[in-house]
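J.: Quick one: this structure, given as structure tokens, is what I'll be asking you about.
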Amino acid sequence: MDTLYLKRGEEMIPKLAKSTAYFFSANNLIEKEDEEVYAYGMELLLSAVLNLIVAVLVALISNTFIPCLIQLVAFISLRVS
């Protein structure tokens, strides 16, 4: 990787976000100078999606899917507005 260096012991989400941004840059989907911005945005997106998946999995395992779904909808609607 040219501009973004992956350090030893780096966490999974930042590493995946930087790799994705580099892939986009290498395939001319984004500008090289915007790579770090896209990596940060991808990191936020991946983190949010992973948190949502974990919450739904825990709800399914604990047999509380409907209350979890109601809570997530309420929380997400408050975060968006």
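J.: Could you grab me the full set of residues in segment 62-81 that are of a type outside the set (A, V, I, L, M, F, W, C) and over 20 Å from the mean Cα position of the chain (by Cα)? Please lay out each step first, then the result.
T.: Our first condition is that a residue be of a type outside the set (A, V, I, L, M, F, W, C); within segment 62-81, this holds for 62-64, 67, 71, 77, 79, 81.
Correct list: SER62, ASN63, THR64, PRO67, GLN71, SER81.
J.: For residues that are assigned to a helix (DSSP H, G or I) and aliphatic (A, V, I, L, M), scanning just segment 16-36, find the one that is surrounded by the fewest Cβ atoms within 10 Å (Cβ to Cβ).
T.: Only one residue tops the list, namely ALA26.
J.: Residue check: is LEU44 closer than 20 Å to GLU11 by Cα and without any contact (Cβ under 8 Å) to a residue 24 or more places away in the chain? Can you show your working first?
T.: Details: closer than 20 Å to GLU11 by Cα: yes; without any contact (Cβ under 8 Å) to a residue 24 or more places away in the chain: yes.
So LEU44 passes the test.
J.: I'm trying to understand the selection: among the residues of segment 59-68, which are assigned to a helix (DSSP H, G or I) and either in contact (Cβ under 8 Å) with a residue 12 or more places away in the chain or not aliphatic (A, V, I, L, M) (or both)? Before you say what the answer is, go through the steps one by one.
T.: Pass one, segment 59-68, residues assigned to a helix (DSSP H, G or I): 59-61, 65-68.
Result: PHE65, PRO67, CYS68.
Each row is one residue, and each column tells you yes or no for (1) assigned to a helix (DSSP H, G or I); (2) at pLDDT 95 or above; (3) among the basic types (Lys, Arg).
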{"position": "GLU10", "(1), (2), (3)": "no, no, no"}
{"position": "PRO14", "(1), (2), (3)": "yes, no, no"}
{"position": "TYR38", "(1), (2), (3)": "yes, yes, no"}
{"position": "MET42", "(1), (2), (3)": "yes, yes, no"}
{"position": "SER47", "(1), (2), (3)": "yes, no, no"}
{"position": "LEU57", "(1), (2), (3)": "yes, yes, no"}
{"position": "ILE70", "(1), (2), (3)": "yes, yes, no"}
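The values are calculated or read from the model by the stated rules, or taken from the named source; none is laboratory data. Every value quoted in this text rests on a predicted model; they were computed, and no experiment measured them. Glycine also receives a Cβ, built like all others from the backbone with ideal geometry; neighbour counts cover every protein chain displayed.
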